[in-house]
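The values are calculated or read from the model by the stated rules, or taken from the named source; none is laboratory data. Only a predicted model underlies this, so the values are computations on that prediction, with no experimental measurement involved. Neighbour counts are summed over all protein chains in view; Cβ atoms, including those assigned to glycine, are modelled from backbone coordinates with ideal geometry.
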Amino acid sequence: AQRVTQPEKLLSVFKGAPVELKCNYSYSGSPELFWYVQYSRQRLQLLLRHISRESIKGFTADLNKGETSFHLKKPFAQEEDSAMYYCALVYGTDKLIFGTGTRLQVFP
Amino acid sequence: NAGVMQNPRHLVRRRGQEARLRCSPMKGHSHVYWYRQLPEEGLKFMVYLQKENIIDESGMPKERFSAEFPKEGPSILRIQQVVRGDSAAYFCASSPEPANIQYFGAGTRLSVL
């Protein structure tokens with residue numbers, strides 16, 4: 001069955017520390033994966049998608065088909081990165097399957 | 001472009017009442033998706049609609065829930081005879097075409113007393 005797993009509910013780091021938010025997926029086809037972010041009191045918004053292979057706000061994510069992972073990384077966390085992060089997989093041509101989310105807290 | 005608009009932001013209903021949640025997609029978007037988020041869970045897909053058509057309703061509960069996206073006006077998610085278990089945040093997203101980036105609304109938080 002298609003599934004997205006984010007094992008950490010909460011990740012706390014200090015400003016300037018590296019960040020890695022874990023995402024593993026289960027999907028029989030060729031996956032298309034996204035990271036969405038929700039800042040406090042704001043709507044869910046796209047952070048990045050794996051096919052773009054770009055860096056947004058210093059974040060990158062590489063699809064590892066062997067490990068079925070799409071971890072989100074940033075070398076130096078900033079306080080403004082504090083938010084909820086959701087990994088999502090496109091299933092079929094329409095629906096997104098979301099993980100349960102990881103709350104990132106960056107302390108000064 | 002005002003983005004995806006959902007209203008109301010908060011909706012309180014008593015058990016047995018009906019709940020109507022509205023979603024106006026972004027300008028130029030004709031594809032609408034509804035998701036539900038229960039406490040401590042991720043967003044779960046409910047239904048995908050194009051103008052006047054339901055494309056995929058595999059995530060919709062079989063009873064009491066219905067959705068429409070008329071030619072004119074917003075998409076409506078309707079829950080009849082609400083129960084406490086329907087309390088959740090309901091999110092709408094839109095895209096200009098299928099398999100494209102989905103843009104989300106701020107959500108409607110439904111509380112059933």
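From the set of residues in the range A:41-84 that are of a type in the set (Val, Ile, Thr) and touching a strand residue (DSSP E or B) at 6+ places or on another chain (Cβ under 8 Å), which is farthest from A:ALA17 (Cα to Cα)? So, considering only residues that are of a type in the set (Val, Ile, Thr) and touching a strand residue (DSSP E or B) at 6+ places or on another chain (Cβ under 8 Å), the one farthest from A:ALA17 (Cα to Cα) is A:THR68.
Identify the residue in the range A:40-63 that is within 12 Å of chain B (Cβ to nearest Cβ) and in a loop (DSSP other than H, G, I, E, B) and, among all such residues, is farthest from the chain's Cα centre (by Cα). It would help to see each step written out before you state the result.
Initially, the range A:40-63 is screened for residues within 12 Å of chain B (Cβ to nearest Cβ), giving A:41-49, A:51-52.
Those still in the list that are in a loop (DSSP other than H, G, I, E, B) too: A:41-44, A:51-52.
Values: A:ARG41: 19, A:GLN42: 17, A:ARG43: 16, A:LEU44: 12, A:ILE51: 14, A:SER52: 14 Å.
Among those that are within 12 Å of chain B (Cβ to nearest Cβ) and in a loop (DSSP other than H, G, I, E, B), it is A:ARG41.
Could you tell me whether the range B:87-97 includes any residue that is part of a strand (DSSP E or B), polar (S, T, N, Q) and under 28 Å from B:ARG15 (Cβ atoms)? There is no residue in the range B:87-97 that is part of a strand (DSSP E or B), polar (S, T, N, Q) and under 28 Å from B:ARG15 (Cβ atoms). Mind listing whichever residues of the range A:89-108 are facing chain B (nearest Cβ under 8 Å) and under 13 Å from B:GLU41 (Cα atoms)? Within the range A:89-108, A:ILE97, A:PHE98, A:GLY99, A:THR100, A:GLY101 qualify.
Here A:TYR27 passes the criteria (1) of a type in the set (Ser, Thr, Tyr); (2) within 11 Å of chain B (Cβ to nearest Cβ); (3) surrounded by 15 or more Cβ atoms within 10 Å (Cβ to Cβ) except the one numbered (2). Restricting attention to the range A:30-39, the residues being surrounded by 13 or more Cβ atoms within 10 Å (Cβ to Cβ) and either part of a loop (DSSP other than H, G, I, E, B) or more than 13 Å from chain B (Cβ to nearest Cβ) (or both) number 3. If you go through the range A:68-79 and keep only what is surrounded by fewer than 20 Cβ atoms within 10 Å (Cβ to Cβ) and more than 24 Å from B:GLU41 (Cα to Cα), you end up with A:PRO75, A:PHE76, A:GLN78, A:GLU79.
One residue stands out in the range A:72-98 among those that are small (Gly, Ala, Ser) and at pLDDT 90 or above: the one that is farthest from B:PHE104 (Cα to Cα), namely A:ALA77.
List the strands (runs of 3 or more DSSP E) that sit entirely inside the range B:1-65 and contain at least 3 residues that are within 12 Å of chain A (Cβ to nearest Cβ).
Values: elements: B:5-7, B:10-13, B:19-24, B:31-37, B:43-50, B:53-56.
Once the strands (runs of 3 or more DSSP E) in the range B:1-65 are filtered for at least 3 residues that are within 12 Å of chain A (Cβ to nearest Cβ), what remains is B:31-37, B:43-50, B:53-56.
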